[in-house]
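Following: one structure in structure tokens, then a few remarks.
The values are calculated or read from the model by the stated rules, or taken from the named source; none is laboratory data. The model shown is predicted, which means the values in this text are computed figures rather than measured ones. When we count neighbours, we look across all protein chains shown, and the Cβ atoms used for this are built from the backbone with ideal geometry, even at glycine. Quick note on the areas: whole protein, heavy atoms, side chains included, nothing else; ligands and nucleic acids left out. Shrake-Rupley method; radii C 1.70, N 1.55, O 1.52, S 1.80 Å.
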Amino acid sequence: MSVCQTRLASQLIGEHFGDIVEKVCTHLIRNGPKPLRVIAQETGLINDQVRKALCVLIQHNMVSFTLHKRGFVEYSASIEPVLLLVRYPRFIYCAKTLYGDAGELIIEEILQHGRMMMSKVVRQVTQRLSEGGQSVSSSHVETQMNDLINTHFLQRVPTAKNDDAAAIIPELQISQENLYRIPASIEIQTANVAKRKRSTEQDDSDRAAKRLKTETETADDDGIFWRLNFHKFHQYLQDHEVTQAISRRIDWNAAEVVRTMLRLNELSDSSTEDVSKPISLNDIMRSLPKENQMKFGVVEQYLKLLAEDQNEMITKTGEMGGGTYTIDFQQSCRALAISTLESIVLERFGSKSSRIFKTLLLKKYLEQKQVEEFALIPAKEAKELLYKMFSEHFVSMQEIPRTPDHAPSRTFYLFTVEITQLSRMVLEHCYKSLANLMSRRAFETKENKRLIEKSQRVEAIAASLQSHGADQAQTAEVEDMITPLEKNQLEKYRNKMSKLAQSELQVDCTIFTLSNSIRLASR
């Protein structure tokens with residue numbers, strides 16, 4: 001891991017969990033596995049603080065523990081789940097797009113707690129929807145959670161074996177067939193909880209709290225916890241990026257054909273491989289959405305166009321069933337990464353440099369004179385732009401000597417673009433940019449802290465007056481406590497926060513695209 005990744009992970013942990021947890025997690029990331037006593041000594045915290053911080057990090061799947069060969073327990077932090085904290089809003093939005101408000105709140109609850117029992121998730125989501133004015137039954141929420149599990153967006157947390165009671169640490173494991181298995185008795189338990197809560201609506205708060213505690217303790221799914229399957233969410237986001245790229249490059253009908261192929265591939269066992277299973281034209285025709293029933297010849301023409309495209313995302317592999325086609329996920333991620341890098345070069349160096357960059361991608365290896373000829377740029381300007389990109393490592397150079405002495409006059413100097421190497425460099429810049437954006441957001445919040453607190457107090461007083469039936473004049477009088485100058489400053493602050501939040505999401509999209517390309521290229 002790099003310094004930029006560590007800095008970003010430290011800021012994310014500090015923002016979400018506080019200073020103590022951030023101190024413990026950062027220490028483990030930088031120094032590797034450590035026992036609890038050593039962590040406390042090296043961080044200057046007391047054992048109880050370290051213990052609670054480790055519990056929080058384990059709960060959120062960021063720290064794991066193992067038994068050392070000398071008999072003590074070691075804790076180690078993983079930086080990948082920490083860096084995913086910035087992507088949580090995208091995961092929640094995916095769930096809302098696919099499963100509505102109930103799916104959104106289910107994912108939000110599990111992300112807030114790290115891992116949760118199904119009965120507790122259903123109960124809390126039903127309560128939140130009811131408080132929001134929606135009349136939703138617990139059975140509907142449970143159905144949505146079942147759908148999330150059946151589509152593998154949620155998975156079980158490994159549990160300890162029954163014979164591990166006397167062990168120093170439990171051995172956590174779960175079989176593949178139980179990873180997405182829903183307990184059969186959960187439906188009855190959820191219905192009972194909802195029925196009991198309806199029957200005690202008129203009881204006092206103490207009795208309701210006692211009854212809720214009893215229900216929680218006797219839940220039929222006690223000990224069965226669920227967490228997010230980040231790989232499935234990443235697969236969905238990757239498929240969405242591919243279809244959007246096809247839509248921009250060709251049109252929406254071509255993107256619909258590719259989306260249908262991706263959906264068919266999800267149902268097969270090869271959904272985690274670099275290349276999809278062969279999908280026939282007849283299967284694509286049967287699986288197209290009813291609202292977009294294209295004719296057989298039109299779909300065939302789109303598939304032919306996709307197969308002949310230079311990006312090579314779709315490949316024709318046979319003639320049976322009207323023709324069989326596969327999706328090359330590695331090539332798709334590479335094409336998305338190249339498109340991202342091209343846009344970066346265009347914004348940073350200009351249109352002529354972008355033309356040189358695309359020429360090198362197309363021709364692979366070129367001498368300086370050949371770059372001038374193929375890019376159709378004057379020699380002096382092409383040389384200046386080429387060496388500017390070379391000095392900033394966007395372009396690489398390969399030396400090919402004609403003699404053993406490597407004399408410059410007898411050596412070919414070929415320029416090229418190393419996509420994987422360039423992606424790693426840009427990825428580091430993205431981590432640094434994301435950390436800087438978070439620092440700027442924290443600075444702006446600190447600078448306007450007094451004004452924000454005043455605005456929150458005024459809004460709370462106004463809301464309280466409205467709830468007690470106050471007239472409009474009283475509410476306006478309270479709102480006038482904030483002067484026009486302060487309102488203007490508050491509006492500027494909110495605009496800055498909105499732009500910073502949007503920039504963070506855009507940088508994370510770039511990180512996701514480049515990291516996927518690097519991961520598949522390194523296989």
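Structure above, values below:
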quantity: Scope region 399-415; condition in a loop (DSSP other than H, G, I, E, B) and open to solvent by 30 Å² or more (accessible area, probe 1.4 Å); matching residues; calculated: R402, T403, P404, D405, H406
quantity: Flag if D283 is surrounded by 14 or more Cβ atoms within 10 Å (Cβ to Cβ), touching a helix residue (DSSP H, G or I) at 6+ places or on another chain (Cβ under 8 Å) and in a loop (DSSP other than H, G, I, E, B); calculated: no
quantity: Sole exception among (1) of a type in the set (A, V, I, L, M); (2) touching a helix residue (DSSP H, G or I) at 6+ places or on another chain (Cβ under 9 Å); (3) surrounded by fewer than 11 Cβ atoms within 10 Å (Cβ to Cβ) for L451, by number; calculated: (3)
quantity: Residues being touching a Leu at 6+ places or on another chain (Cβ under 8 Å) and open to solvent by 80 Å² or more (accessible area, probe 1.4 Å) - total across region 375-398; calculated: 2
quantity: Conditions (1) touching a helix residue (DSSP H, G or I) at 6+ places or on another chain (Cβ under 8 Å); (2) open to solvent by 80 Å² or more (accessible area, probe 1.4 Å); (3) at pLDDT 90 or above; number of the one not met by R263; calculated: (3)
quantity: Hey, V21 buried (at least 19 other Cβ atoms within 10 Å of the Cβ), closer than 22 Å to H234 by Cβ and either out of contact with any strand residue (DSSP E or B) (no Cβ under 8 Å at 6 or more places or on another chain) or at pLDDT below 90 (or both) or not; calculated: no
quantity: Residue within region 61-80 that is surrounded by fewer than 16 Cβ atoms within 10 Å (Cβ to Cβ) and assigned to a helix (DSSP H, G or I) present; calculated: yes
quantity: L54 in contact (Cβ under 8 Å) with a residue 24 or more places away in the chain, open to solvent by less than 70 Å² (accessible area, probe 1.4 Å) and not in a helix (DSSP H, G or I); calculated: no
quantity: Filter pass, T475 being assigned to a helix (DSSP H, G or I) and open to solvent by less than 50 Å² (accessible area, probe 1.4 Å); calculated: yes
quantity: Per-region count, region 286-313, residues open to solvent by 60 Å² or more (accessible area, probe 1.4 Å) and not aliphatic (A, V, I, L, M); calculated: 12
quantity: Residues of region 507-523 that turn out to be surrounded by fewer than 14 Cβ atoms within 10 Å (Cβ to Cβ) and not hydroxyl-bearing (S, T, Y), as a count; calculated: 2
quantity: Among (1) over 23 Å from the mean Cα position of the chain (by Cα); (2) under 30 Å from V3 (Cβ atoms) - the single one G133 does not satisfy; calculated: (2)
quantity: Residue selected from region 485-506 under the condition over 23 Å from K432 (Cα atoms) and among the aliphatic types (A, V, I, L, M), by the criterion surrounded by the most Cβ atoms within 10 Å (Cβ to Cβ); calculated: L490
quantity: Which numbered condition A435 misses (of (1) loosely packed, with under 12 Cβ neighbours inside 10 Å; (2) of a type outside the set (D, E); (3) outside any loop (DSSP other than H, G, I, E, B); (4) in contact with a Lys or Arg (Cβ under 8 Å, 6 or more places away or on another chain)); calculated: (1)
quantity: Unmet criterion (only one of (1) over 28 Å from R519 (Cα atoms); (2) in contact with a Ser or Thr (Cβ under 7 Å, 6 or more places away or on another chain); (3) of a type in the set (A, V, I, L, M, F, W, C)) for L427; calculated: (1)
quantity: I356 of a type outside the set (D, E, K, R), modelled with pLDDT of 90 or more and either assigned to a helix (DSSP H, G or I) or surrounded by 14 or more Cβ atoms within 10 Å (Cβ to Cβ) (or both); calculated: yes
quantity: Region 30-51, subset assigned to a helix (DSSP H, G or I) and in contact with a strand residue (DSSP E or B) (Cβ under 8 Å, 6 or more places away or on another chain), residue least open to solvent (accessible area, probe 1.4 Å); calculated: I39
quantity: Test: E104 is acidic (D, E), under 23 Å from the mean Cα position of the chain (by Cα) and either over 28 Å from F17 (Cα atoms) or surrounded by 19 or more Cβ atoms within 10 Å (Cβ to Cβ) (or both); calculated: yes
quantity: Selection within region 244-261 - closer than 13 Å to D309 by Cα and not in a loop (DSSP other than H, G, I, E, B); calculated: A245, I246, R249, A254
quantity: Cross-chain or 6+ apart pairs with Cβ under 6 Å, region 36-50 first and closer than 15 Å to E22 by Cα, then among the basic types (K, R) and open to solvent by 70 Å² or more (accessible area, probe 1.4 Å); calculated: T43/K23
quantity: Among the residues listed as E142, E131, the single one being surrounded by fewer than 18 Cβ atoms within 10 Å (Cβ to Cβ), more than 25 Å from H16 (Cα to Cα) and either at pLDDT 90 or above or among the charged types (D, E, K, R) (or both); calculated: E131
quantity: Pairs with Cβ under 6 Å, 6+ apart, first in region 76-105 and touching a residue at least 24 places away in the same chain (Cβ under 8 Å), second in a strand (DSSP E or B); calculated: S76/S64; A77/V63
quantity: Output for region 309-336, where each listed residue is polar (S, T, N, Q) and assigned to a loop (DSSP other than H, G, I, E, B); calculated: Q310, N311
